[in-house]
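Here the structure is laid out as structure tokens; the discussion comes afterwards.
The values are calculated or read from the model by the stated rules, or taken from the named source; none is laboratory data. None of these values were measured; they are calculated from a predicted model. Cβ: placed from backbone, ideal geometry, glycine included. Neighbour counts: every protein chain shown.
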Amino acid sequence: MQIMTSIITKHEMLCDNMLTFKVKTEKNSSELGLPGQFYQIKVPGDDFQIRVPISIYDVEDSEITFLVKIVGEKTIKLKNMQLNDELSIIGPLGNSFAVSEKEKYMFISGGCGYAPLNFLFKSLTKNNNHQSPNEKGGKILWIHGGRTKDEVKFAVDGKKVQIICTDDGSEGIKGFVTSEVSKELYIQSYDKVFACGPDPMLREVMSVCKLFNKKLYVSMEAYMGCGIGVCYGCAIKLRNARGKYTYARICKEGPIFNAYSIVWEEIIQ
Ligand SMILES: Cc1cc2nc3c(=O)[nH]c(=O)nc-3n(C[C@H](O)[C@H](O)[C@H](O)COP(=O)(O)OP(=O)(O)OC[C@H]3O[C@@H](n4cnc5c(N)ncnc54)[C@H](O)[C@@H]3O)c2cc1C
Ligand code: FES
């Protein structure tokens, strides 16, 4: 983990509220992080010095790409940045997805929850042995959801995501990802399910996976103070197998957790 000054080398709006940008660093790709990890990005002009946590979408040579949903003050400031602007970033932070070459996975993403799974997909397919189930011997099925056609269009390239859902039916299947998850788990078996997206989606996915007795790992989000494990501002409550409660920091022990260890009632009222 390091503080770095990076330079914006690509900055593009994918639709009204989705931004992708790339920064160049002085590190090489092996030092820039693993799938599931994130960076704390300092937004220019923020007097309180609070950074915004953003997952790694991709790493190539000395560059990192991010995918950002514009929701409020800090992400609007990222939207207003320009090519060649300097950006202070701290990372890579947090844990990463535990994977093995031989396993079969289901990926489930909602909105910008696509980002960490994109990087995971790339790392699992780099030796070409984890193609989609549409090809022979495939090992990843990816279901992605968003509100509208516009919000999911970056994922509609036919190469990674097999099932697209939109709330309004303007692209792919109308409805939430969860009904597709249960259909697919009924048809095929998967070793692990990885899910990233809004908390209500994650909790629904957890209920479905529990019915099918599937291992589920989720990437959790929270407001972050320090982002480096010092302030405990991002702690979530966990329950271990013996029913004992403990706390874990999303920025340090997370953001990826076994979904069955999370006390969801304390996250979503
Ligand atoms: C580990 C981690 C990785 C993340 N990766 C990404 C990513 O790759 N791309 C991306 O677009 N976003 C990601 N986020 C979420 C991102 O950090 C927040 O959207 C951002 O902090 C919002 O800041 P803002 O000032 O623009 O909006 P704010 O003004 O802070 O919030 C605007 C609205 O969004 C809601 N909101 C804000 N932050 C969160 C949050 N963390 N969880 C739930 N609701 C929230 C608020 O309730 C409010 O309604 C990640 C968060 C974490 C913790
Ligand atoms: S944000 Fe400070 S400990 Fe996680």
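Table for the structure above
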| item | result |
| --- | --- |
| Residues of segment 208-225 that turn out to be among the hydroxyl-bearing types (Ser, Thr, Tyr) and assigned to a strand (DSSP E or B), as a count | 2 |
| Options GLY172, GLY146, GLY158; residue that is at positive phi and in contact with a helix residue (DSSP H, G or I) (Cβ under 8 Å, 6 or more places away or on another chain) | GLY172 |
| Filtered residue count, segment 203-245, keeping only those that are more than 16 Å from ligand 2 (Cβ to nearest atom) and among the hydrophobic types (A, V, I, L, M, F, W, C) | 9 |
| Long-range neighbours under 9 Å by Cβ, at least six apart or interchain, first residue in the same structural domain as GLY233 (by TED's automatic domain parsing) within segment 252-264, second more than 16 Å from ligand 2 (Cβ to nearest atom) and of a type in the set (Ser, Thr, Tyr) | ILE256/SER96; ILE256/TYR217; PHE257/TYR217; ASN258/TYR217; ALA259/TYR217; VAL263/TYR245 |
| Segment 226-240 - residue that is in contact (Cβ under 8 Å) with a residue 12 or more places away in the chain and not in a strand (DSSP E or B) and, of those, nearest to LYS192 (Cα to Cα) | ASN240 |
| Residue within segment 185-194 that is away from ligand 1 (no atom under 14 Å from the Cβ), within 23 Å of SER100 (Cβ to Cβ) and charged (D, E, K, R) present | yes |
| Enumeration of residues in segment 241-261 that are part of a loop (DSSP other than H, G, I, E, B), surrounded by 14 or more Cβ atoms within 10 Å (Cβ to Cβ) and not acidic (Asp, Glu) | ILE250, CYS251, LYS252, GLY254, PRO255 |
| Of the criteria (1) more than 16 Å from ligand 1 (Cβ to nearest atom); (2) under 30 Å from THR166 (Cβ atoms), which one TYR245 fails | (2) |
| Sole residue being under 30 Å from CYS209 (Cβ atoms), more than 11 Å from ligand 1 (Cβ to nearest atom), surrounded by fewer than 17 Cβ atoms within 10 Å (Cβ to Cβ) and not polar (S, T, N, Q), chosen from GLU103, GLU31, GLU12, GLU26 | GLU103 |
| Verdict on GLY113 being outside any strand (DSSP E or B), within 19 Å of the chain's Cα centre (by Cα) and either surrounded by 13 or more Cβ atoms within 10 Å (Cβ to Cβ) or in the same structural domain as PRO198 (by TED's automatic domain parsing) (or both) | yes |
| So TYR260, is it farther than 27 Å from LYS74 by Cα and of a type outside the set (S, T, N, Q) | yes |
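Residue by residue, here is whether (1) at pLDDT 95 or above; (2) over 21 Å from LYS139 (Cα atoms); (3) among the polar types (S, T, N, Q); (4) in the same structural domain as GLY110 (by TED's automatic domain parsing) holds:
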site	(1), (2), (3), (4)
VAL161	no, no, no, yes
ASP168	no, yes, no, yes
GLY175	no, yes, no, yes
GLU180	no, no, no, yes
LYS183	no, no, no, yes
VAL193	yes, no, no, yes
CYS196	yes, no, no, yes
LEU202	yes, yes, no, yes
VAL208	yes, no, no, yes
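Per-residue answers, yes or no, for (1) within 22 Å of SER219 (Cα to Cα); (2) of a type in the set (Phe, Trp, Tyr); (3) within 16 Å of ligand 2 (Cβ to nearest atom); (4) under 16 Å from the mean Cα position of the chain (by Cα):
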{"residue": "MET1", "(1), (2), (3), (4)": "yes, no, yes, no"}
{"residue": "ILE8", "(1), (2), (3), (4)": "no, no, no, no"}
{"residue": "VAL23", "(1), (2), (3), (4)": "no, no, no, no"}
{"residue": "GLY45", "(1), (2), (3), (4)": "no, no, no, no"}
{"residue": "VAL68", "(1), (2), (3), (4)": "yes, no, no, yes"}
{"residue": "GLU73", "(1), (2), (3), (4)": "no, no, no, no"}
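Each row is one residue, and each column tells you yes or no for (1) part of a strand (DSSP E or B); (2) at pLDDT 95 or above; (3) closer than 20 Å to GLY227 by Cα.
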site	(1), (2), (3)
LEU83	no, yes, no
SER96	no, yes, yes
PHE107	yes, yes, no
ASN118	no, yes, no
